[in-house]
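**Q** Quick one: the structure is below, questions incoming.
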Amino acid sequence: MMLSGWGRFPVIYAPVVDRPRSEAELTAAQAKGGVIARGNGRAYGDSAVSRRGTIDMRHFNRMISFDAETGILVAESGVMLADVITSFLPRGWFPLVTPGTKFVTLGGMIAADVHGKNHHRDGSMSAALEWVDVMDQSGQVHRASRTQNPELFDWVPGSMGLTGIILRAAIRLQSVETGWIRQTTIPAKNLAEAMEIFETSDDSPYSVAWIDCLKGGANRGRSLVMLGEHASGDMLGAQENDDRYALRPKRKKSVAFDFPGFAMSGPLVKAFNALYYRAGLRKAGDNLVDWDSYFYPLDAILNWNRVYGRRGFLQFQCALPLDASKAGLEALLEAISEAGAGSFLAVLKRFGEQSSKFSFPMLGYTLALDFPATSKNLRLLEQLDRITIAHGGRFYLAKDARMTAQTLIESDPRVARFVAQRQDSGASETFQSSQSERLAI
Amino acid sequence: MSKDSVLILGARSDIGLAVAHKFASLGHPIQLAARNVETLKPNRADITTRYKVDVTLHEFDALQPDSFAGFVDSLPKLPLIAVCAVGFMGEQSQNEQDLAASSLVMRSNYEGPAGILAELANRFETRGSGTLVGISSVAGLRGRATNYVYGSAKAGFTAFLSGLRNRLAKKGVHVVTVLPGFVATQMTENLDLPEWLTAQPMEVAEKIATAVERGKNVIYVRSIWWLIMTIICNIPENIFKRLKL
Ligand SMILES: Cc1cc2nc3c(=O)[nH]c(=O)nc-3n(C[C@H](O)[C@H](O)[C@H](O)COP(=O)(O)OP(=O)(O)OC[C@H]3O[C@@H](n4cnc5c(N)ncnc54)[C@H](O)[C@@H]3O)c2cc1C
Ligand SMILES: NC(=O)c1ccc[n+]([C@@H]2O[C@H](COP(=O)([O-])OP(=O)(O)OC[C@H]3O[C@@H](n4cnc5c(N)ncnc54)[C@H](OP(=O)(O)O)[C@@H]3O)[C@@H](O)[C@H]2O)c1
């Protein structure tokens with residue numbers, strides 16, 4: 001069958017897809033070699049695709065236990081984050097770390113060591129991880145935690161499925177009083193202003209900025225910075241109180257067909273960005289937003305990846321060290337606005353400290369953008385690669401679909417050790433994705 | 001306030017489990033009945049963890065009619081709703097040649113399910129309440145060369161459910177007949193099914209919960225199947241017998 005990630009680029013012929021239901025079936029599937037685990041396919045590129053054998057983990061979707069004292073959930077790796085929320089938000093618990101979509105599996109969240117809008121305070125997924133059970137190439141299962149197999153525990157998050165198959169894990173949830181978020185929107189005229197807001201709002205649990213990346217000159221980096229915190233019960237009005245955990249179903253829209261290629265052309269994106277900014281200005285200040293609209297605005301439009309048409313689209317996400325962030329971001333935004341290649345979703349975020357051996361985040365800033373997959377944009381992305389490397393930054397493998405092995409090595413001194421670890425442990429023969437082949441890791 | 005129990009017969013099936021999840025999410029305690037029921041322990045943990053409802057496990061074999069009365073007696077409580085997902089497709093080519101094989105298909109899809117629902121029906125009738133849900137199939141609407149052994153057993157089951165509904169209509173007991181088209185489950189894992197005609201198990205479960213709540217009689221899962229089956233059922237036999245479907 002033909003497989004791809006969420007960006008629908010590249011599309012790869014993957015004739016062998018196994019859907020094991022038991023550890024025995026899983027062991028048999030991975031014995032074929034050259035395999036990679038796949039969760040819900042929300043990584044954008046080819047991280048969860050292997051030509052030799054892709055192992056769909058979604059049948060491992062059972063929850064095992066929940067401790068209401070500590071908020072620790074034990075569950076199989078194919079459990080969907082959306083299900084965690086539906087089960088535990090009504091009891092006052094919410095994921096400690098969440099990406100911008102709830103349609104991801106716990107295994108995928110751990111393997112990519114995902115970050116959320118609270119990275120600057122709470123860290124990445126690995127910070128919410130108590131332990132993880134990983135099946136190695138021989139079919140043996142190892143439990144790894146901060147005290148048991150700590151080496152493995154440090155390698156697994158961020159390793160994109162290349163250190164073994166995650167079977168189950170214990171993750172910590174946070175307790176919340178309500179399902180509402182108090183959001184504060186602050187407009188920033190340019191990049192310097194936006195960064196200033198991030199630097200002075202460190203105590204806001206959540207923060208993220210949407211950038212209008214088509215603006216140049218003095219307005220380069222014009223953005224809306226959105227801060228948020230879980231609302232306490234007394235912050236709710238009567239209407240919200242009526243639906244304390246904001247669980248009432250909302251209508252889903254769906255993109256039923258592929259948009260034609262011209263739909264995402266420059267002028268349209270420009271118009272959208274201008275409108276979005278003005279709408280944001282009007283909303284500036286405080287308001288209450290339900291958790292679903294706040295964390296997962298795109299989930300309300302099922303299959304939104306189709307607005308980019310059949311050719312698919314590309315994500316670019318880099319992290320820059322703190323001291324080089326300003327210069328690096330300016331250079332990236334300049335290159336983008338010069339190319340006139342607009343992006344609907346340009347997102348800027350401050351990262352905090354990061355541990356674990358191969359995870360993407362680093363103390364500094366991260367910029368994420370998406371573009372239609374055209375040859376012009378592929379060239380632009382290569383230019384953005386160079387700028388990132390020149391500023392000491394690195395790239396998010398969960399978004400990557402086209403980087404070269406050379407670029408990865410230049411961007412990340414940790415690569416050599418990662419490759420050595422894979423070889424020494426024997427994982428490299430068995431676990432391979434289309435991405436790991438391309439990147440020679 | 002605790003709600004009434006829901007019994008799932010053939011609970012190791014993907015559709016059966018999805019139905020268990022659906023009713024558990026509505027707060028009902030769940031009774032899971034299946035062969036080798038101890039293999040459902042992880043599912044019991046899963047359902048209790050997710051929905052905080054009680055889940056009990058019960059050994060049940062639809063091919064052992066002598067055990068039915070004892071089986072129902074052994075339940076912690078007579079359920080309010082019972083859903084039968086037991087079914088077995090077999091291999092048509094084998095069913096054509098091997099009487100034992102085809103008899104197993106007939107017993108697994110008709111005799112067994114009808115027998116256990118009959119037992120429950122009598123108890124529900126005495127109590128004067130309850131809903132019985134039988135998962136039959138569109139395959140029972142017209143026999144086709146490619147799976148008529150399975151189809152005929154489902155046809156028998158569908159007719160049985162219809163009669164049972166008729167009998168119990170004035171006794172406070174409701175009967176729902178479910179006629180799924182393709183569903184993506186273990187049963188169909190190795191078949192190449194067109195996506196737009198194939199429902200997910202959870203879709204079937206949602207439809208069943210709604211049908212129980214609203215007292216619907218016969219339900220299709222995706223409405224396109226009603227159209228397809230109406231056409232198939234109206235093709236004159238003279239033409240039909242020459243078709244490859
Ligand atoms: C709309 C949208 C918003 C997003 N926002 C964010 C964000 O804010 N922050 C962020 O960090 N990411 C974000 N992402 C990326 C996404 O969170 C990650 O790609 C995540 O890994 C996807 O999980 P998945 O279950 O779909 O995994 P897949 O995409 O199927 O797989 C991703 C990786 O995980 C590995 N993997 C999956 N399951 C297992 C397993 N059981 N054992 C071992 N390895 C496994 C795969 O091999 C692959 O390398 C976003 C993606 C989308 C589509
Ligand atoms: N999938 C479809 O496309 C489709 C379409 C229309 C109708 N259906 C019907 O939907 C129902 C559920 O099927 P499914 O798709 O979920 O497939 P499934 O997973 O194969 O479920 C069938 C279940 O029936 C159980 N069973 C068979 N014989 C039994 C017996 N003697 N005693 C107890 N249990 C027995 C099986 O249990 P074991 O695990 O012990 O074998 C299995 O769990 C079936 O009635 C099927 O005919 C399915």
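**Q** If you take the residues of segment A:57-80 that are away from every other protein chain (no Cβ under 12 Å) and surrounded by 21 or more Cβ atoms within 10 Å (Cβ to Cβ), which of them is farthest from A:Trp291 (Cα to Cα)?
**A** Of all residues in segment A:57-80, those away from every other protein chain (no Cβ under 12 Å) come to A:57, A:69-71, A:77.
Narrowing further to those that are surrounded by 21 or more Cβ atoms within 10 Å (Cβ to Cβ): A:57, A:77.
Values: A:Met57: 27, A:Ser77: 23 Å.
Ranking the candidates gives A:Met57 first.
**Q** Among the helices (runs of 4 or more DSSP H) confined wholly to segment A:395-434, which include 3 or more residues that are within 21 Å of A:Glu382 (Cα to Cα)?
**A** On the way: elements: A:405-411, A:415-425, A:427-430.
By residue number, A:405-411.
**Q** Where residues in segment B:29-58 are facing chain A (nearest Cβ under 9 Å) and touching a residue at least 12 places away in the same chain (Cβ under 8 Å), which of them is farthest from B:Pro76 (Cα to Cα)?
**A** Filtering first and then ranking leaves B:Arg50.
**Q** Can you tell me which residue is surrounded by the most Cβ atoms within 10 Å (Cβ to Cβ) among those in segment A:17-35 that are out of contact with any helix residue (DSSP H, G or I) (no Cβ under 7 Å at 6 or more places or on another chain) and within 14 Å of chain B (Cβ to nearest Cβ)?
**A** Kept after step one, since they are out of contact with any helix residue (DSSP H, G or I) (no Cβ under 7 Å at 6 or more places or on another chain), are these residues of segment A:17-35: A:17, A:19, A:21-29, A:31-32, A:34.
Next cut, within 14 Å of chain B (Cβ to nearest Cβ) only: A:17, A:19, A:21-25, A:29.
Details: A:Val17: 15, A:Arg19: 16, A:Arg21: 12, A:Ser22: 11, A:Glu23: 14, A:Ala24: 10, A:Glu25: 14, A:Ala29: 20.
Restricting to residues being out of contact with any helix residue (DSSP H, G or I) (no Cβ under 7 Å at 6 or more places or on another chain) and within 14 Å of chain B (Cβ to nearest Cβ), the top hit is A:Ala29.
**Q** Hand me the list of strands (runs of 3 or more DSSP E) wholly inside segment A:78-191 holding 3 or more residues that are without any contact (Cβ under 8 Å) to a residue 60 or more places away in the chain.
**A** Numbers: elements: A:93-95, A:129-135, A:141-145, A:165-175, A:180-188.
Once the strands (runs of 3 or more DSSP E) in segment A:78-191 are filtered for at least 3 residues that are without any contact (Cβ under 8 Å) to a residue 60 or more places away in the chain, what remains is A:129-135, A:141-145.
**Q** Taking the criterion of being more than 14 Å from chain B (Cβ to nearest Cβ), over 25 Å from A:Leu348 (Cβ atoms) and at pLDDT 95 or above, would at least one residue in segment A:84-100 satisfy it?
**A** Taking segment A:84-100 first, the residues more than 14 Å from chain B (Cβ to nearest Cβ) are A:94-100.
Pick out the ones that are also over 25 Å from A:Leu348 (Cβ atoms) and you get none.
No, that holds for no residue.
**Q** Additional query: Tell me, which residue of segment B:35-70 that is within 15 Å of B:Ala11 (Cβ to Cβ) and acidic (Asp, Glu) is nearest to ligand 2 (Cβ to nearest atom)?
**A** Just the residues of segment B:35-70 that are within 15 Å of B:Ala11 (Cβ to Cβ), to begin with: B:35-48, B:53-62.
Now narrow it down to the ones that are acidic (Asp, Glu): B:38, B:46, B:54, B:59, B:61.
Numbers: B:Glu38: 12, B:Asp46: 16, B:Asp54: 22, B:Glu59: 9, B:Asp61: 5 Å.
So the residue we want is B:Asp61.
**Q** Taking the criterion of being more than 12 Å from chain A (Cβ to nearest Cβ) and of a type in the set (Ser, Thr, Tyr), would at least one residue in segment B:21-28 satisfy it?
**A** No, there is no match, as no residue in segment B:21-28 is more than 12 Å from chain A (Cβ to nearest Cβ) and of a type in the set (Ser, Thr, Tyr).
**Q** A further question follows. Considering only segment A:7-57, state which residues are near ligand 1 (Cβ under 9 Å from one of its atoms), in a loop (DSSP other than H, G, I, E, B) and over 19 Å from the mean Cα position of the chain (by Cα).
**A** A:Ser50
**Q** Condition (residue is free of Cβ contacts under 8 Å to residues at least 40 places away in the same chain and more than 17 Å from A:Phe351 (Cα to Cα)) applied to segment A:196-210: is it met by at least one residue?
**A** The answer is no; no qualifying residue exists.
The values are calculated or read from the model by the stated rules, or taken from the named source; none is laboratory data. Model, not experiment: these values are computed from the prediction. Cβ atoms come from the backbone with ideal geometry, glycine included; neighbour counts cover every protein chain shown.
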